[in-house]
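Only the coordinates and a few stated rules stand behind these numbers; no lab work does. Owing to the predicted nature of the structure, the values given are computational and were not obtained by experimental measurement. In this analysis, Cβ positions are derived from the backbone assuming ideal geometry, glycine residues included, and neighbour counts consider all displayed protein chains.
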Protein chains: 2
Amino acid sequence: MEVGPVQDKIQLSHGAGGTVMNDLIKSVIIAGIGRRRVAGGAGLDEFDDGATIPVDGREIVVSSDAHIVDPIFFPGGDIGKLSVCGAINDLAMMGAEPVALTDTIVVEEGFLVDDLKKIVASMNAAIESVGMALVHGDLKVMPKGKLDRIVISTAGIGFLRGRKPILDSGLRAGDKIIVTGPVGDHGIAIASVREGISFRTSLISDVAPLWGLMEAAMGAGEVTAAKDPTRGGVAMALNEMAEMSGVSIWLREEEIPVRDEVMGACEMLGMDPLELTCEGRAVLGVRGGAKSILNAIKGTPEGKGARIIGEVKAEREGYVIMETSVGGKRVVGPPLGEPTPRIC
Amino acid sequence: MEVGPVQDKIQLSHGAGGTVMNDLIKSVIIAGIGRRRVAGGAGLDEFDDGATIPVDGREIVVSSDAHIVDPIFFPGGDIGKLSVCGAINDLAMMGAEPVALTDTIVVEEGFLVDDLKKIVASMNAAIESVGMALVHGDLKVMPKGKLDRIVISTAGIGFLRGRKPILDSGLRAGDKIIVTGPVGDHGIAIASVREGISFRTSLISDVAPLWGLMEAAMGAGEVTAAKDPTRGGVAMALNEMAEMSGVSIWLREEEIPVRDEVMGACEMLGMDPLELTCEGRAVLGVRGGAKSILNAIKGTPEGKGARIIGEVKAEREGYVIMETSVGGKRVVGPPLGEPTPRIC
């Protein structure tokens, strides 16, 4: 993985969701675009899961994602499920009910129509699970050899459940941090079936829609910040929250749920579970009654493995600090990026 | 170009914007997705430039496009300008002021960061021209050789200027049809610089944002239907309008503006100018005072070459009929698709 300032050519690390990517986005996109928010809304500068647009005194939420996962069919899901859950989860992390979806499908000449039907069926199942609608789309075909099979982009439109969006900047000292289930399943499930690094595992991706879980959490108490730890994993999500909120986050290593299989694979491959992509997990900041919010989350199918993993302090602004199982402390820095390319 | 029912593998024609593409979309996407509209709004079934979502008694408009144009820098524009104008024009054709944009950029490892900066600068110029904002985005990187340089998808969000969206189904007998400038410039400009079919021309793409033009037209009278004739060209746009509205459209060949260079290239390459992609033109149905709407359009930079090219009748429902220069009549059928792959 490339390290340091933005190179003159795009590297894989520029798409890996970590600091290398954020540096490129800041220096090329943010620096190049003048209008980055609709007046009164949250926009590009927030680096949040979505943006908000004021409409007649309320705010609607929009999010966007491109999906290039390889393989396109993987244990626990496929690129269709991933692309719809990506939109649902971005909206949910902003505290918005998913209402509508647009998609663009770019496909390689020669792609099997039956595979496209399977992908559309997966998209439909995820759409149905939250009652949103696919209202618009586009389809383009690239000549054979010009694209590796298929890329799907989605944009989600949601309506805020509360009065204000849940932003990464919402953490305050005293808030508790919840993770909604074991981390890294998606990252290892994809790595396990990738050419060159195949190994045996019964692990499946965690990819899942999280609106029901968020609805339960918001119904049980105050959610002050929320993020789905996709590329860059829990480490990146928490670092962005700490930075945007101007606080520190203190984790207890022994509370962070990681499956044995994920831990074993990480040891074998030299990966950190906290830097692996999840596609069906959320990290939440919650205020007051953390236990009742935790219990509400544990009552949802996607939240059975939820845990309180840490808390927020005012000191050491911007840092994420782990209290290790052996009693030490270490800084969990923002990763350069997820180590597996085309993870989502 | 493949003809007939949907094949078992994706063909280039499946992305060409004509009847072959629409057949695939109907049999795979429409048939596979259960929820295709938000209650009270216009959705996927309309095959329109955008969809609408009711929000507290008003409707917002959303549109989506993927852009795979080759070459990515072409006479008159680049993939950045194209991707933003695509969103602006889709919203404008629905009668909506462009307010916000999301984008996803998928780029090949090794792509020059300087080229990405140029593309972002083009995007920004188009965004600034209508005062919208780029509020959210995503960036992904494909390994070298897995994608031919860059694909950009955009979603646009707009606010209706009038009370109701302008839909393709809005034509009624007696409406006049306006085209806002010479047709086919984009199609021939791209074809002229494509490997294998290069020829000399000073032609540049018509790619341009059309919100100012639509604003002028709507301010001068009643616009009953509007479409930007992208893939499949004017022929496809008018056939879709005629079908959705349950009317016929009668064109006068001598009134349709086509540049000599486009006509010459079409004769050389065996193409029909009516089937070529435009990226800065609109075909409009207008009711009452067509001349004053025409004059308002001609007063905008993008509408100087506008003409009234035909009218709407109730008979022969669904047909587009051309009264030729030599006094005959011919049916202008829906094309299979734009003949140049990766045109937009």
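Roughly how big is segment A:49-159's charge dipole about its Cα centre, with Cβ charges of +1 (Lys, Arg) and -1 (Asp, Glu), in debye to the nearest 20?
Magnitude of the dipole: close to 220 debye.
Loop-only trypsin sites (Lys or Arg not before Pro) in segment A:121-181, please: DSSP not H, G, I, E or B, and at most 12 other Cβ atoms within 10 Å.
A:163
Sort B:82-90, A:229-237, A:66-74 by the packing proxy (mean of other Cβ within 10 Å over each peptide's residues), most packed first.
Going from most to least packed, we get B:82-90, A:229-237, A:66-74.
Please give the average number of partner chain Cβ atoms lying within 10 Å of the Cβ of each residue in B:108-118, rounded to a whole number.
Whole-number average of other-chain Cβ neighbours for B:108-118 is 5.
Residue separation times 0.36 nm, minus the C-alpha to C-alpha distance between residue A:164 and residue A:324: what's the value?
Length difference between fully extended and current span is 54.0 nm.
Here are some pairs, B:118/B:304; A:26/A:329; A:176/A:329; A:81/A:176; which of them have Cα atoms lying more than 21 Å apart in this structure?
In this structure, B:118/B:304; A:26/A:329; A:81/A:176 lie more than 21 Å apart at Cα.
Let me confirm one metric for peptide B:307-317, namely the mean number of other chain beta-carbon atoms within 10 Å of its residues' beta-carbons.
The shielding value for this peptide is 0.
Once you order the gyration tensor axes a ≥ b ≥ c over the Cα atoms, which shape class does chain A get: rounded for a/c under 1.5, otherwise prolate or oblate by comparing a/b with b/c?
Rounded is the answer for chain A, as its axis ratio a/c remains below 1.5.
What are the distances, in nm and sorted shortest first, from the label point of residue B:194 to the label points of the same position in each other copy, with each label point placed 7 Å from Cα along the Cα-to-Cβ direction?
For residue B:194, the other copies' label points sit at 3.5 nm, shortest first.
Would you calculate, for chain B, the mean residue ellipticity at 222 nm contributed by helices, counting each DSSP H stretch of 4 or more residues as -39,500 (n - 2.57) and dividing by all residues, to the nearest 500?
So the helix-based figure for chain B works out to -8000 deg cm²/dmol.
Over segment A:1-105, what lengths in whole Å, largest first, do the semi-axes of the equivalent ellipsoid take, defined as the square roots of 5 times the eigenvalues of the alpha-carbon gyration tensor?
Computed over segment A:1-105, the values are 25, 23, 10 Å.
Copy-to-copy spacing for residue A:252, label 7 Å out on the Cα-to-C-beta vector, in nm, shortest first?
Copy-to-copy label distances for residue A:252: 8.4 nm.
Could you sort A:328-335, B:56-63, A:112-119 so that the peptide with the highest average Cβ count within 10 Å comes first and the rest follow in order?
Result, highest mean Cβ count within 10 Å first: B:56-63, A:112-119, A:328-335.
May I ask you to report, in nm to one decimal and beginning with the shortest, the distances from residue A:31 to the same position in the other copies, taking label points 7 Å along Cα-to-Cβ?
Label point to label point, same position, other copies: 5.0 nm.
Over chain A, calculate the relative contact order: mean separation of alpha carbon pairs under 8 Å at least 6 apart, over the residue count, as a percent.
23 percent.
With only Lys, Arg, Asp and Glu charged, each at its Cβ (+1 for the first two, -1 for the last two), find how big the charge dipole of segment B:168-331 is about the Cα centre; round to the nearest 20 debye.
320 debye
Whole angstrom only: what separates the Cα centroid of segment B:91-149 from the Cα centroid of segment A:121-164?
18 Å
Given axes a ≥ b ≥ c from the Cα gyration tensor, I'd like to know whether segment A:49-159 is rounded (a/c under 1.5), prolate (a/b larger than b/c) or oblate.
Verdict is prolate for segment A:49-159.
Between residue B:314 and residue B:125, what's the calculated FRET efficiency when r is the beta-carbon distance and R0 is 30 Å? Round to 0.05.
0.10
Can you tell me which aspartates and glutamates have their Cα less than 16 Å from the Cα of residue A:9? Leave out same-chain residues fewer than eight positions away.
Once the sequence-local aspartates and glutamates are set aside, what remains near residue A:9 is A:23, B:108, B:109, B:114, B:115, B:148.
What number, in percent, do you get for the relative contact order of segment A:169-238 if the mean sequence gap of Cα pairs under 8 Å and at least 6 apart is divided by its residue count?
RCO, segment A:169-238: 31 percent.
Stick to the Cα atoms of the protein assembly as shown, pair each with every other, and give me the Kirkwood hydrodynamic radius in Å at one decimal.
Computed over Cα pairs of the protein assembly as shown, the Kirkwood hydrodynamic radius comes out at 25.6 Å.
For peptide A:94-102, how many partner chain Cβ atoms fall within 10 Å of a residue's Cβ, on average?
4
R0 = 45 Å: FRET efficiency of residue B:173 with residue B:27, Cβ-based, nearest 0.05?
0.90
Cα-Cα pairs above 12 Å in segment B:61-120: how many percent?
For segment B:61-120, the share of Cα pairs beyond 12 Å comes to 70 percent.
Quick check: convex hull of the Cα atoms in segment A:195-344, volume per residue, rounded to a whole Å³?
Each residue corresponds to 122 Å³ of Cα convex hull volume.
Given points 7 Å out from each Cα along the Cα-Cβ axis, report the residue A:254 to residue A:291 separation in nanometres with one decimal.
Inter-label distance under the simple model: 1.9 nm.
From the residues B:295, B:232, B:171, which one has its Cα farthest along the dipole of segment B:168-331 in the positive direction, the dipole being from +1 and -1 charges on Cβ of Lys/Arg and Asp/Glu about the Cα centre?
So the residue we want is B:295.
Would you mind checking which residues have amide H under 5 Å from residue B:336's amide H? H placed 1.01 Å from N; only 5 or more apart, or other chain.
Here B:19 satisfy the definition.
Residue B:225's amide H: which non-local residues (gap 5+, or another chain) put their own amide H closer than 5 Å, with H modeled 1.01 Å from N in plane and none for Pro or chain starts?
Under 5 Å from the amide H of residue B:225 lie the amide H atoms of B:285, each far enough along the sequence or on another chain.
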